[in-house]
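Undergrad: Here you go, one structure.
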Amino acid sequence: MNETIVETERLRLRLRTPGDRETLHGWFGDRQVMADLGPVRDAAASDAVIARHEAYQADGLGFWMVERRADGVPVGFCGLKPSDPGRPLAGELEIGWMFGPAHWGQGYAGEAARAVIDWAWAHRPDSRIVAVTARVNVKSQRVMERIGMRAEPTLDYEHPSYPEGDRLRDSVVYVIDRPAP
């Protein structure tokens with residue numbers, strides 16, 4: 001049984017199961033998916049990312065599988081994590097997502113991200129949520145804007161995971177504040 005965290009009109013966000021490993025490996029190993037996210041990962045590197053995300057579950061966070069409610073097909077993953085130590089936003093609550101290319105352009109990323117933000121406001125005390133992406137990742141920035149996030153240029157930074165001159169090093173930050181009660 002898959003543990004559902006939140007549902008939307010079209011989507012179910014749930015905890016990952018061992019059966020999701022192959023799907024995630026496919027996305028992490030897809031050059032098109034990873035073009036603006038980071039290096040293409042082999043199975044071992046994918047497993048390391050999955051394990052890191054599973055560790056966030058101890059704090060009630062993590063990236064959840066996103067599947068269509070109609071047929072159970074996995075379309076992506078989306079969730080929350082503490083921003084990485086050693087980065088300017090360390091400790092902030094950070095949202096992120098990744099979707100398979102067959103599911104792009106259908107509004108799934110925005111729908112899932114809005115549901116995750118609503119979940120955070122209901123279950124977390126954080127005053128805001130941040131999102132970080134490479135400046136070249138315009139598609140993710142559009143999703144951030146559609147879900148109500150705003151660019152916060154004073155928080156932009158050079159991502160330390162990428163060497164000088166790498167096209168993914170220049171990172172932009174978007175934020176959304178907790179709504180007033």
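Undergrad: Could you work out, for region 74-179, what percent of all Cα-Cα pairs fall into each 5 Å distance bin, beginning at 0 Å and stopping at the bin that holds the largest distance?
TA: 2, 12, 23, 24, 20, 13, 4, 1, 0
Undergrad: While we're looking at this one, here's another question. Quick one: Kirkwood hydrodynamic radius for region 20-75, alpha-carbon pairs, angstrom, one decimal?
TA: Final number for the Kirkwood radius of region 20-75 is 12.3 Å.
Undergrad: How far apart, in nm, are the 7 Å Cα→Cβ label points at ALA55 and GLU9?
TA: In this crude spin-label approximation the distance works out to 3.9 nm.
Undergrad: Given the DSSP H assignment, sum -39500 (n - 2.57) over each helix run of at least 4 residues in the chain and divide by its residue total; what's the result at 222 nm in deg cm²/dmol, nearest 500?
TA: Per the formula, -8000 deg cm²/dmol.
Undergrad: Taking R0 as 41 Å, what's the FRET efficiency between VAL73 and ALA180 from their Cβ-Cβ distance, rounded to 0.05?
TA: Efficiency for this residue pair is about 0.60.
Undergrad: Right, here's the next one. In Å², what does the accessible area per residue of region 18-113 work out to with a 1.4 Å probe?
TA: Result: 43 Å² of accessible area for each residue.
Undergrad: Follow-up. Quantify, in whole percent, the carbon and sulfur part of the accessible surface of the chain (1.4 Å probe; protein heavy atoms only).
TA: The value for the chain is 51 percent carbon and sulfur by accessible area.
Undergrad: Report, largest value first, the span of the C-alpha coordinates of the chain along each principal axis, in whole Å.
TA: Cα spread of the chain along its principal axes, largest to smallest: 45, 43, 32 Å.
Undergrad: What ranking, highest mean first, results for peptides 132-144, 46-58, 108-120, 16-28 when packing means the other Cβ atoms within 10 Å averaged over each residue?
TA: By packing density, highest mean first, the sequence is 108-120, 132-144, 16-28, 46-58.
The values are calculated or read from the model by the stated rules, or taken from the named source; none is laboratory data. Every value quoted in this text rests on a predicted model; they were computed, and no experiment measured them. Every residue, glycine as well, gets a Cβ built from its backbone with ideal geometry; the counts of neighbours run over all protein chains shown. We work out accessible area using only protein heavy atoms, side chains counted, and drop any ligands, DNA or RNA first. Shrake-Rupley method; radii C 1.70, N 1.55, O 1.52, S 1.80 Å.
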